[in-house]
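Engineer: One structure is given below, represented as structure tokens, and several questions about it will come after.
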Amino acid sequence: MAQLLIGGAMVGWFCLMICLGHRFPVVIIPAKAYLTNALAAVAAGIIGIPLAYLTGAAAIWASQATGLQLNLIDPDRIGLGLPLVDDGLRFLAMVFIPLAVYDFWLAFSHRLEHHVPALWDIHQVHHSDRWMNPLTVFRDNFLQIQWRSFFSMLTIGLFVDLNFKEGGQAAVYSQLFLFAWAALCHSNIRVELPWLEGILVTPQYHRIHHSTQAEHIDKNFADVFPAFDMLFGSYVRPGKGEFPETGLASGERIDGISGVIFAPFRSWFNRVRLRFR
């Protein structure tokens, strides 16, 4: 029942973001532009998220294998002695503790995705959307979900005492929350929130990250907290009325669900072929 409620709430939230994007649009998005992202969402549900559970569990095993676990936080000790309340608090901990660690380490992992060619070949699939919208959240190769789940769970596993099952659950719960937040940040809503942009990522703020303009390349990496961009020198505050075009700065197009799934493998093949030519 809980899974059905969460799923229903997630679908409702995405539909709301899409409707608001049509009511207050940055650009007019053709209906067909949603198709590839919708199919990618299906692929994420069939391939990506189930694998993320296994990846999260594997990351916890890897963190334990290092022998460097600090175990500063034990989820089983979170609570007030009230069974229902404690279950809710532990659930929130499984969402927000990974989220906080994830957003901190994203300052490094997201930059790696942009600067390591093999990782960019995966991540460019996400950036290839010329009509950014809430379903762009799912425009990821399934390997992208695994990389981020493993990276976040590996690092959190060094600080939080999680077993394999809990690690898998934390990876899935935090990923679902990030999907919901990212639906807002990837939306086509023409809204300016300058008072919030120094605290939380907004649609306009994240649009700068997806911009094709040279001055916006490798800027605004944060998913939730802009403070990390400020800290590492990648912060760009959107100007008034600034809503740039999105897509790949190179002009390359990755279209269709086959592109989403196979583009990284084609890029890797071409890199190896050029290497040994």
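Engineer: Take Asp229 and decide whether it is over 25 Å from His22 (Cα atoms) and among the charged types (D, E, K, R).
Structural biologist: So Asp229 fits the description; yes.
Engineer: Something else now. Can Ser267 be described as touching a residue at least 60 places away in the same chain (Cβ under 8 Å), part of a helix (DSSP H, G or I) and of a type in the set (Ser, Thr, Tyr)? Before the answer, list the steps.
Structural biologist: Values: touching a residue at least 60 places away in the same chain (Cβ under 8 Å): yes; part of a helix (DSSP H, G or I): yes; of a type in the set (Ser, Thr, Tyr): yes.
The answer is yes for Ser267.
Engineer: Please give the number of the condition Leu274 fails out of (1) at pLDDT 90 or above; (2) out of contact with any Asp or Glu (no Cβ under 9 Å at 6 or more places or on another chain).
Structural biologist: (1)
Engineer: Moving on to the next point. For region 199-226, what are the residues that are over 28 Å from Cys19 (Cβ atoms) and part of a loop (DSSP other than H, G, I, E, B)? Give the derivation first.
Structural biologist: Of all residues in region 199-226, those over 28 Å from Cys19 (Cβ atoms) come to 213-215, 217-219, 221.
Gln213, Ile217, Asp218, Lys219, Phe221 - these are the residues of region 199-226 that are over 28 Å from Cys19 (Cβ atoms) and part of a loop (DSSP other than H, G, I, E, B).
Engineer: Go through region 209-232 and give me each residue that's modelled with pLDDT under 90 and surrounded by fewer than 16 Cβ atoms within 10 Å (Cβ to Cβ).
Structural biologist: Answer for region 209-232, where residues must be modelled with pLDDT under 90 and surrounded by fewer than 16 Cβ atoms within 10 Å (Cβ to Cβ): Leu231, Phe232.
Engineer: Right, something else. In region 235-256, which residues are among the β-branched types (Val, Ile, Thr) and closer than 13 Å to Asp129 by Cβ? Reasoning before the result, please.
Structural biologist: Kept after step one, since they are among the β-branched types (Val, Ile, Thr), are these residues of region 235-256: 236, 246, 254.
Residues satisfying the conditions are Thr246, Ile254.
Engineer: Being more than 28 Å from Ala38 (Cβ to Cβ) and in contact (Cβ under 8 Å) with a residue 40 or more places away in the chain: is that true of Arg277 here?
Structural biologist: Working: more than 28 Å from Ala38 (Cβ to Cβ): yes; in contact (Cβ under 8 Å) with a residue 40 or more places away in the chain: no.
In short, no.
Engineer: Further question: Which of the residues that make up region 189-221 are within 12 Å of Pro238 (Cα to Cα) and aromatic (Phe, Trp, Tyr)?
Structural biologist: Result: Trp195, Tyr205.
Engineer: Just to check your reading of the model, which residue among Phe243, Phe276, Phe221 is of a type outside the set (S, T, N, Q) and closer than 22 Å to Leu112 by Cβ?
Structural biologist: Details: Phe243 fails: closer than 22 Å to Leu112 by Cβ; Phe276 fails: closer than 22 Å to Leu112 by Cβ.
Checking each option against the conditions leaves just Phe221.
Engineer: Quick one: which of Ser267, Ser250 is loosely packed, with under 12 Cβ neighbours inside 10 Å, within 21 Å of Val116 (Cβ to Cβ) and among the polar types (S, T, N, Q)? Reasoning before the result, please.
Structural biologist: On the way: Ser267 fails: loosely packed, with under 12 Cβ neighbours inside 10 Å.
Being loosely packed, with under 12 Cβ neighbours inside 10 Å, within 21 Å of Val116 (Cβ to Cβ) and among the polar types (S, T, N, Q) holds for just one of Ser267, Ser250, which is Ser250.
The values are calculated or read from the model by the stated rules, or taken from the named source; none is laboratory data. Just so it is clear, the model here is predicted, and its values are computed rather than measured. Cβ coordinates were reconstructed from backbone atoms using ideal geometry, including for glycine residues, and neighbour counts include every protein chain displayed.
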